[in-house]
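What follows is a single structure, written as structure tokens, with notes after it.
Coordinate-derived values only; no laboratory data. Since we're looking at a predicted model, the values are computed, not measured. Cβ placement follows ideal geometry from the backbone for every residue including glycine, while neighbour counts extend to all protein chains displayed.
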Amino acid sequence: PTRIASDCAHPDRVLIGHPFNPVYLLPLCEVVGGAETSAGAVERAAAVYDFLDMYPLVVRHEVPGYLSDRLQEALWRETLHLVSDGIATTAELDDAIIYGPGLRWAGMGTNLTFHLAGGRGGMRHMLEQFGPALALPWSKLEAPELTRSLVDAMVEGTRRQADGRSVDELERLRDDYLIATMRALRSVGQGAGEILARREARRYGETSLIWSEGAAVRAPLELYRCDVEPDWVDYNRHMTEAAYLTAFGWATDALFRYIGDDEDYRAAGHSFYTVETHVNYLREVAGDDSLRFATLVVGLDDKRLHIYHEMFDDATGDLVATTEQMLLHMNTAAGRPAPIGGRPARALQAIRHAHAALDKPGYLGRVMKTRETS
């Protein structure tokens, strides 16, 4: 950035944002300022990248290759040496990462992983115990000569790994496993999963409908839409049985936000717990389908809420599943049922009144039984 800024009228505003491919999925963006770049410009740029749901990593010094590419380069050079020396194939080296350290890196990176390797003594013990091995050394940071035989070995090795799959097919596979990995990390709030969780919370908050006093209530409510997520499908590329209930759970969460059962409400010690659920599976849902949900409040008393969801294929309008749920309002601090109060109570009463005149859905209140023969 310093070299670029030398010909600019405002060098204090010049910096570089260095993203990581695929940029539409991976959150990392390294932000590098030059010698004259102001701290304010760096802060503003980082805020923009954060707004775009990226992870702005401020690189405090101008270095060739930034940070991420420097680390990749070291591993890449070692890969070339191992192939050049005939020690391993490209597939064997990729397997050595995929099934081992790569899984650790996704959540903890290299340094925190090595800190764990030191046991209770942490990084200090790790360096004391394994530091002498650095003098051996195992690795070779000087790149080997790109001879014809090395190039051929790299090309042929990766061709066999691709196994006839096109670049487009491999990109789709890569995107699917990146999304699945990030979603797995989301559940533990680690690494890229934490960014994903913040992104979803922010987007969900921006798009959530909120009930207001005196406003007309739709009958039924339509509060939630979603695409089928990669980890919701099985080997047949259809939604799993449990995934239907997961999707219905998000529709219920949309209802909660609509009535005012949000983070502040739960922090005050109030929440709804599901005590009974009935699901009707009517049609298969494919891995690339989009879904929309219709929601009814079909029953309400001072502590209990009876709701009914319908799941539709958003493209065809076909009804693909229904569920009805009984929820119990809880005092979470005391661990016992408590009356619904405040804004959620008023909202639910308004919704129940708006939905009371609707015809009873055909799948509501169904009883599971076999047809007995005498």
Q) If you project the alpha carbons of the chain onto their three principal axes, what span does each projection cover, largest first, in Å? A) 79, 64, 46
Q | Residue-count net charge about His18 - beta-carbon cut-off 10 Å; Lys, Arg +1, Asp, Glu -1 | A | -2
Q.
Can you tell me which aspartates and glutamates have their Cα less than 13 Å from the Cα of Lys140? Leave out same-chain residues fewer than eight positions away.
A. Glu73, Glu78, Asp85
Q) Relative to the Cα centre, what is the charge dipole magnitude of segment 165-207, using +1 at the beta carbon of each Lys and Arg, -1 at the beta carbon of each Asp and Glu, and rounding to the nearest 20 debye? A) 200 debye
Q) Can you give the FRET efficiency for Leu170 and Leu282, using 1/(1 + (r/R0)^6), R0 = 30 Å, r = Cβ-Cβ distance, to the nearest 0.05? A) 0.25
Q) With contacts defined as alpha carbon pairs under 8 Å and 6 or more residues apart, what's the relative contact order of segment 215-355 in percent? A) 29 percent
Q) Rounded to the nearest 0.05, what FRET efficiency do Thr110 and Asp227 have when you use their Cβ-Cβ distance and R0 = 22 Å? A) 0.05
Q: Take the alpha carbon gyration tensor of segment 128-263, find the square roots of its eigenvalues, order them as a ≥ b ≥ c, and report rounded if a/c is under 1.5; if not, report prolate when a/b exceeds b/c, else oblate.
A: prolate
Q: Give the percent of DSSP beta bridges with both residues in the chain that are antiparallel, rounded to the nearest 5.
A: 90 percent
Q | Fraction of antiparallel bridges per DSSP, segment 1-154 only, in percent to nearest 5 | A | 50 percent
(Q) Starting from 0.36 nm per residue, how many nanometres of slack lie between Ser149 and Arg198 once their C-alpha separation is accounted for? (A) 12.9 nm
Q.
Need one word for segment 215-355: rounded, prolate or oblate. Basis is the Cα gyration tensor (sqrt eigenvalues a ≥ b ≥ c); a/c below 1.5 gives rounded, then a/b vs b/c decides.
A. prolate
Q: Pop out the ³J(HN,Hα) list for segment 257-268 in order, Karplus 6.51 cos²θ - 1.76 cosθ + 1.60 with θ = phi - 60°, rounded to Hz; leave Gly and Pro as x.
A: 5, 4, 8, x, 8, 10, 4, 5, 5, 5, 5, 7
Q) Dipole size in debye (nearest 20) for the chain around its Cα centre, Lys and Arg Cβ +1, Asp and Glu Cβ -1? A) 1180 debye
Q) Nearest 0.05, what FRET efficiency do Glu62 and Arg237 give at R0 = 51 Å with Cβ-Cβ as r? A) 0.65
(Q) About the Cα centre, and with charges only on the beta carbon of Lys, Arg (+1) and Asp, Glu (-1), how big is the dipole of segment 68-164? Nearest 20 debye, please. (A) 400 debye
Q. Want the number for Asp302 to Ser212: 0.36 nm per residue separation, take away the alpha-carbon distance, what's left?
A. 30.4 nm
Q. Excluding same-chain residues fewer than 8 positions from Lys369, which lysines have a Cα within less than 23 Å of its Cα?
A. Lys360
Q: Name the long-range amide H neighbours of Thr332: under 5 Å, sequence gap of 5 or more, or other chain; modelled H, no Pro or chain starts.
A: His270, Ser271
Q | Packing-based order for 133-141, 77-85, using average beta carbon neighbours within 10 Å, highest first | A | 77-85, 133-141
